[in-house]
Amino acid sequence: MRSKRLLVGIGKAVAVVALLFWSLFPIAFIVMSSLKPGQEIFAVPPVYVFEPTFEHYVSLWRRWGMFFDGLLNSTIITAGATALAIITSTCAGYVYSRNSSRLLNGSVVFLIVVRLIPPIVVTLPLFPIVNALNLNDTHIVLMVLYATFFVSLGTVLMRTFIDQIPRELDEAAEMDGAGRFTILRRVVVPLAAPGILAIAVFVVVFAWNEFLFAFIFTATNAKTAPLVISEMLGSIDGVDWGILFAASTVQLAPVLLFVVLMNRYLVAGLTAGATKG
């Protein structure tokens, strides 16, 4: 029995190490390559001990200034999409949680089905509509698209969280003269904060790295960082891998730091949302 437990423990440890390697190796390779001299990036055999250099970051700043404009656009769009998704999902989740009818219950299935539709299916039909509204190449169109893409998941998640908040709190607030909006803002939102943080992580990661919508609906004014990186790959002067890895590291760092900082809130939020109080 003891040897069986030992084998199970070793198997779990090996699986965890393999998963960590699979997840962290690409990140480590990108960061290390951004600090290597150009001739050592793809050296055979690989060079693991080297003198770090920041020449690729300096070249990125000098030659690809538009990349930092793209980072600014990504920041604006991600912040706007996250705020819009949180507000919409919280309000919708509150309605679903505190009301019950055949129509509402049936629409939950519709929300799940919509979430399963691949983005490319709705991208092309949306293009003439976006053009007709003069929203092409604007921050607003990407904010709305990114938020819409996660409203269904966010609504279902927030409904689960709000279901755990006793209705007696709503009734007590109503007796004190609070309206629905006041109850939502002062009672529900603080208690459902873990769910809101979970939604924020999902939307931030998606919006920061999204490429398809940005490629279709933007050109210059709202061009995001992933689009500029794709232009580096298609440069007529050839791909400067050192600069490309430096840009990838800069683009990766903010969202990676955000996820690390929010990790415990995300896990706590999803765990709480998966159980009934």
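Tabulated values for the structure
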| item | result |
| --- | --- |
| Label point 7 Å beyond Cα of Leu191 along Cβ direction - residues of the range 124-165 with amide nitrogen under 12 Å | 161-165 |
| Acute angle (nearest 10 degrees) that the helix 139-163 long axis makes with the longest principal axis of the chain, alpha-carbon atoms | 50 degrees |
| Gain in span if fully extended, Arg264 to Ala43, counting 0.36 nm per residue against the direct Cα distance | 75.7 nm |
| Gain upon complete extension [Phe110, Asp69; 0.36 nm per residue less C-alpha separation] | 11.0 nm |
| Relative contact order computed over the range 116-249 (Cα-Cα under 8 Å; 6+ residues apart), in percent | 34 percent |
| Burial order of peptide ranges 132-142, 9-19, 111-121 (average beta-carbon count within 10 Å, highest first) | 132-142, 111-121, 9-19 |
| Gyration tensor (alpha-carbon) shape descriptor, the range 1-53, a/c threshold 1.5 | prolate |
| Residues Val239 and Glu55, FRET efficiency given R0 of 22 Å [Cβ-Cβ distance, rounded to 0.05] | 0.85 |
| Student exercise, the chain dipole from Lys, Arg, Asp, Glu Cβ charges, in Debye to nearest 20 | 1080 debye |
| Segment Arg102-Trp22, extension gain: residue separation times 0.36 nm, minus the distance between their alpha carbons | 24.3 nm |
| Choice from Val189, Val47, Val144 showing the highest fluctuation, given a GNM over the chain with Cα pairs closer than 10 Å | Val47 |
| Under Karplus coefficients 6.51, -1.76 and 1.60, residue-wise ³J(HN,Hα) of the range 40-51 in Hz, glycine/proline x | 9, 5, 10, 5, 10, x, x, 9, 9, 10, 8, 8 |
| Contact order normalised by residue count of the chain, Cα under 8 Å, 6+ apart, percent | 32 percent |
| Projected label distance in nm at Phe215 and Val14, using a 7 Å step from Cα toward the beta-carbon | 3.9 nm |
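Rule-based calculations on the coordinates, nothing more; no lab input. Every value quoted in this text rests on a predicted model; they were computed, and no experiment measured them. Positions of Cβ are backbone-derived with ideal geometry, glycine not excepted, and every protein chain shown enters the neighbour counts.
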